[in-house]
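Enquirer: Below is one structure. I have some questions about it.
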Amino acid sequence: MASGRPRRLWRAFRLWRYRRPFGAGLALALGGAEILLTQRASITVILTAGADSLVGYVLPVLMVICGLLVVVNPGQRLFYSVVGVLASLGSWVTSNLGGFFVGMMLGLVGSSLAFGWLPDRPRRRPWLRGRRERGTAGHETSGHGTPSAAIAAAGPGAEPRPDA
């Protein structure tokens, strides 16, 4: 019986994940983390170098925060994705070419996915299963329940009768 609980937890996590731009936020946060890992300077170097070096750490941290906020608060994903794009592009100048382009590209892709995510879209069915449920290809019907071939044979402008 102990195996049922992890399965329920995994199912609950999957349902939570499908209702938000999880992959987009993950990509944006991973991009910021990769840029932070490519910096690896000690705090004494940052304090000695001044504000120019500090910005190289602020932008990737901002990317990680925006990535987490996109997942936690998807209602404000447009704002977070715009800030994420700006931080990703700014990291090109301030943080070793955006973490040698990898972190910058992860941030740009994650921000773009978050910006384009639509919460109201229903989940897509696999193509084959949807075709099996509709029946065979020769018996497709129009929205009125009339076979498509009968409407096409009636000519242009012909409306199906409700009693047919």
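The values are calculated or read from the model by the stated rules, or taken from the named source; none is laboratory data. Note that the structure is predicted; figures quoted are calculated from it, not measured. Counting neighbours? That spans all protein chains shown, and the Cβs are built from the backbone with ideal geometry, glycine included. Remember, those area values only see protein heavy atoms, side chains included, never the ligands or the DNA or RNA. Shrake-Rupley method; radii C 1.70, N 1.55, O 1.52, S 1.80 Å.
Enquirer: If I ask for residues that are open to solvent by 90 Å² or more (accessible area, probe 1.4 Å) and in a helix (DSSP H, G or I), which ones from the stretch 98-109 would you list?
Expert: Filtering the stretch 98-109 for residues open to solvent by 90 Å² or more (accessible area, probe 1.4 Å) gives 100-101, 105.
Phe100, Met105 - these are the residues of the stretch 98-109 that are open to solvent by 90 Å² or more (accessible area, probe 1.4 Å) and in a helix (DSSP H, G or I).
Enquirer: From the list Leu28, Leu47, exactly one residue is at pLDDT below 85 and surrounded by 10 or more Cβ atoms within 10 Å (Cβ to Cβ). Which is it? Write out each step before concluding.
Expert: Working: Leu28 fails: at pLDDT below 85.
The match here is Leu47.
Enquirer: Give the residue, chosen from Pro119, Pro147, that is under 15 Å from the mean Cα position of the chain (by Cα), open to solvent by less than 80 Å² (accessible area, probe 1.4 Å) and at pLDDT below 95. First the steps, then the outcome.
Expert: Values: Pro147 fails: under 15 Å from the mean Cα position of the chain (by Cα).
Selected residue: Pro119, the only one of Pro119, Pro147 that is under 15 Å from the mean Cα position of the chain (by Cα), open to solvent by less than 80 Å² (accessible area, probe 1.4 Å) and at pLDDT below 95.
Enquirer: Another one. Looking at the stretch 50-75, which of the residues that are modelled with pLDDT under 90 and among the hydrophobic types (A, V, I, L, M, F, W, C) is surrounded by the fewest Cβ atoms within 10 Å (Cβ to Cβ)?
Expert: Out of the qualifying residues, it is Ala51.
Enquirer: Are there any pairs, at least 6 apart or on different chains, whose C-beta atoms fall under 9 Å, with the first in the stretch 101-118 and free of Cβ contacts under 8 Å to residues at least 24 places away in the same chain and farther than 10 Å from Gly84 by Cβ and the second open to solvent by less than 40 Å² (accessible area, probe 1.4 Å) and assigned to a helix (DSSP H, G or I), and if so, which?
Expert: Going by the 9 Å Cβ cut-off, the qualifying pairs are Gly116/Ala24; Gly116/Ser81.
Enquirer: Just the residues that are over 17 Å from Pro74 (Cβ atoms) and open to solvent by 90 Å² or more (accessible area, probe 1.4 Å), please, taken from the stretch 4-18.
Expert: Within the stretch 4-18, Arg5, Arg7, Arg8, Leu9, Trp10, Arg11 meet the criteria.
Enquirer: Answer yes if at least one residue in the stretch 76-97 is at pLDDT below 95, open to solvent by less than 20 Å² (accessible area, probe 1.4 Å), at positive phi and part of a helix (DSSP H, G or I), and no otherwise.
Expert: Within the stretch 76-97 (the criterion being at pLDDT below 95, open to solvent by less than 20 Å² (accessible area, probe 1.4 Å), at positive phi and part of a helix (DSSP H, G or I)), the answer is no, since none of the residues qualifies.
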